[in-house]
Amino acid sequence: MNKDFARHIAWTSDDPLGVEVITAEGPYLHLKNGRRLIDLISGIAVSSIGHRHPSVLNAIQEQLNRHLHVMVYGEFIQEPQVKFARKLTSVLPSSLDCVYFTMSGTEANEGALKLAKKYSGRTRMIAFERSYHGDTHGSLSVTGRTIYQDPFRPLLPDVCFLPFGDFESLSRIDEQVACVIAEPIQGEGGMRVPPSGWFQTLRARCDHTGALLIMDEIQTGFGRTGSLFAFEHEGIVPDILTLAKAMGGGMPLGAFVSSAKVMDTLRRNPPLSHVTTFGGHPVSCAAADATLQVLLRENLSNRAQWIGETIRQRLKHSPKITEVRGKGAMLGLDVGTDSNAQQVVNHCLDHGVLLGWTLHSGSVIRLAPPLNIPEDVLHEAMDVITTALCH
């Protein structure tokens with residue numbers, strides 16, 4: 001392992017992968033040791049149009065030639081922010097017409113929680129067991145795994161966790177609740193999909209009580225599940241939508257989106273109720289606009305469905321897999337035990353395919369390939385995976 005990495009970079013585990021990337025292109029990572037990896041996790045659902053897509057690189061270069069950071073967010077009119085916000089809201093329901101840009105997903109969720117509390121005048125929040133919404137104090141407070149919360153208590157008070165996908169427990173959402181935050185698919189929880197009709201029931205309960213529904217689409221957004229946004233599968237519209245990961249095409253960018261009426265509460269009592277220095281960085285917004293154009297032009301949401309069907313077909317006879325969960329190109333392979341998952345991931349890494357785990361479920365292997373991965377490359381990777389599953 002690189003000695004300077006070991007000495008000067010703060011590790012987040014005792015056993016980092018430690019591969020040293022020199023270049024990345026399309027579905028490939030090229031390593032310092034001369035090896036090439038097929039990236040089947042896309043930097044955890046970030047590089048959905050592959051690494052260094054030419055359209056994104058051109059947009060970045062054009063903006064580099066204009067300006068970088070010029071002022072804290074919201075004070076200057078910056079063309080890349082305005083252009084991308086206009087494009088983004090054009091593909092969303094009409095009630096989601098106002099965008100607040102951030103730098104990351106956890107910041108987007110922080111902003112969404114603050115917005116819901118300020119708009120509603122309430123303090124109670126509902127989240128779900130096994131959820132993941134980020135690691136800053138507010139977003140961690142609504143993340144449903146105590147092992148990650150306990151070292152950092154006290155967190156935000158008045159947060160209640162309900163079982164994900166359980167209809168009966170939704171009755172606990174009452175008129176004291178400011179917001180309910182939910183992922184359409186629990187990514188870090190093991191690619192868990194709720195039963196049919198559950199989100200419609202949740203939406204109806206929020207409407208009845210006046211609670212705002214926050215949909216965390218940080219992993220599921222931008223075509224990953226087979227529709228541009230996963231809430232479209234459910235036939236509902238959230239009050240607040242949070243986005244990040246794939247949005248920036250490899251550049252750091254997040255956002256929370258709501259109606260202008262709701263977002264207006266951040267302007268006053270007091271003014272500047274929520275501020276950021278680097279949110280909506282002009283280079284990131286230019287990259288995001290180019291990324292969204294590629295997703296729409298190449299109809300990559302539909303291709304995500306094909307990817308999911310292809311992977312499921314290739315894996316249907318594997319005895320080691322107990323379940324394949326998820327939608328589209330956001331899949332989790334449950335192989336029963338943590339040791340099985342470790343063995344499969346290590347075998348694939350040794351044979352040129354990068355896989356990963358989900359944060360809250362060690363027995364589930366994550367697959368999130370680029371949505372434009374060439375067919376022959378996907379099958380090459382699946383050959384390696386099916387071999388690993390036979391060991």
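The values are calculated or read from the model by the stated rules, or taken from the named source; none is laboratory data. Predicted model, so just to flag it, every value in this text is computed and none were measured. When we count neighbours, we look across all protein chains shown, and the Cβ atoms used for this are built from the backbone with ideal geometry, even at glycine. In case anyone asks, the SASA skips ligands and DNA or RNA and just uses the protein heavy atoms, side chains included. Shrake-Rupley method; radii C 1.70, N 1.55, O 1.52, S 1.80 Å.
Being open to solvent by 30 Å² or more (accessible area, probe 1.4 Å) and in contact with a Ser or Thr (Cβ under 6 Å, 6 or more places away or on another chain) is the requirement here; does residue 30 meet it? Yes.
Within the stretch 185-198, not a single residue is part of a loop (DSSP other than H, G, I, E, B), open to solvent by 10 Å² or more (accessible area, probe 1.4 Å), more than 27 Å from residue 147 (Cβ to Cβ) and in contact (Cβ under 8 Å) with a residue 60 or more places away in the chain. The strands (runs of 3 or more DSSP E) found wholly in the stretch 199-300 and carrying at least 2 residues that are under 21 Å from the mean Cα position of the chain (by Cα) and either under 23 Å from residue 169 (Cα atoms) or among the polar types (S, T, N, Q) (or both) occupy 212-216, 240-243. Restricting the stretch 293-311 to residues that are free of Cβ contacts under 8 Å to residues at least 40 places away in the same chain and of a type outside the set (Phe, Trp, Tyr) leaves a set whose member that is nearest to residue 53 (Cα to Cα) is 297.
Contact map, the stretch 244-262: residues that are among the β-branched types (Val, Ile, Thr) paired with residues that are not in a strand (DSSP E or B), Cβ distance under 6 Å, separation 6+ or inter-chain. Pairs shown: 257/96; 262/119. Where residues in the stretch 42-91 are among the aromatic types (Phe, Trp, Tyr) and assigned to a loop (DSSP other than H, G, I, E, B), which of them is modelled with the highest pLDDT? Here the residue is 76. Taking the criterion of being in a loop (DSSP other than H, G, I, E, B), within 16 Å of residue 250 (Cα to Cα) and either in contact with a Cys (Cβ under 7 Å, 6 or more places away or on another chain) or not aliphatic (A, V, I, L, M) (or both), the only residue of the stretch 21-41 that qualifies is 27. Among the residues of the stretch 229-270, none is identified as under 30 Å from residue 23 (Cβ atoms), touching a Leu at 6+ places or on another chain (Cβ under 8 Å) and open to solvent by 10 Å² or more (accessible area, probe 1.4 Å).
Considering (1) at pLDDT below 85; (2) charged (D, E, K, R); (3) within 28 Å of residue 221 (Cα to Cα), the lone condition that residue 25 does not fulfil carries the number (1). For the stretch 271-282, the tally of residues that are open to solvent by 10 Å² or more (accessible area, probe 1.4 Å) and touching a residue at least 60 places away in the same chain (Cβ under 8 Å) stands at 7. Pairs linking a residue in the stretch 201-213 that is within 16 Å of residue 234 (Cα to Cα) to a residue that is among the acidic types (Asp, Glu) and open to solvent by 40 Å² or more (accessible area, probe 1.4 Å), with Cβ atoms under 7 Å and 6 or more positions apart or on different chains, are 213/239. Do we find that residue 381 is of a type in the set (A, V, I, L, M), over 24 Å from the mean Cα position of the chain (by Cα), surrounded by 19 or more Cβ atoms within 10 Å (Cβ to Cβ) and more than 30 Å from residue 140 (Cα to Cα) in this structure? So residue 381 does not fit the description; no. Within the stretch 142-189, can you find the residues that are out of contact with any Ser or Thr (no Cβ under 9 Å at 6 or more places or on another chain), of a type in the set (Gly, Ala, Ser) and closer than 16 Å to residue 209 by Cβ? The answer is 169, 171. Here 349, 359 are screened, and the one residue that is at pLDDT 95 or above and not aromatic (Phe, Trp, Tyr) is 349.
Residues that are open to solvent by 20 Å² or more (accessible area, probe 1.4 Å), without any contact (Cβ under 8 Å) to a residue 24 or more places away in the chain and of a type in the set (A, V, I, L, M, F, W, C) occur at least once in the stretch 62-76.
Only a single item in (1) open to solvent by 10 Å² or more (accessible area, probe 1.4 Å); (2) modelled with pLDDT of 95 or more; (3) in contact with a strand residue (DSSP E or B) (Cβ under 8 Å, 6 or more places away or on another chain) is not met by residue 376, and it is number (3). Selection of the stretch 361-373 for residues being farther than 16 Å from residue 321 by Cβ and open to solvent by 10 Å² or more (accessible area, probe 1.4 Å) yields only 372. For residue 46, the stated conditions hold: it is under 25 Å from the mean Cα position of the chain (by Cα) and of a type in the set (A, V, I, L, M).
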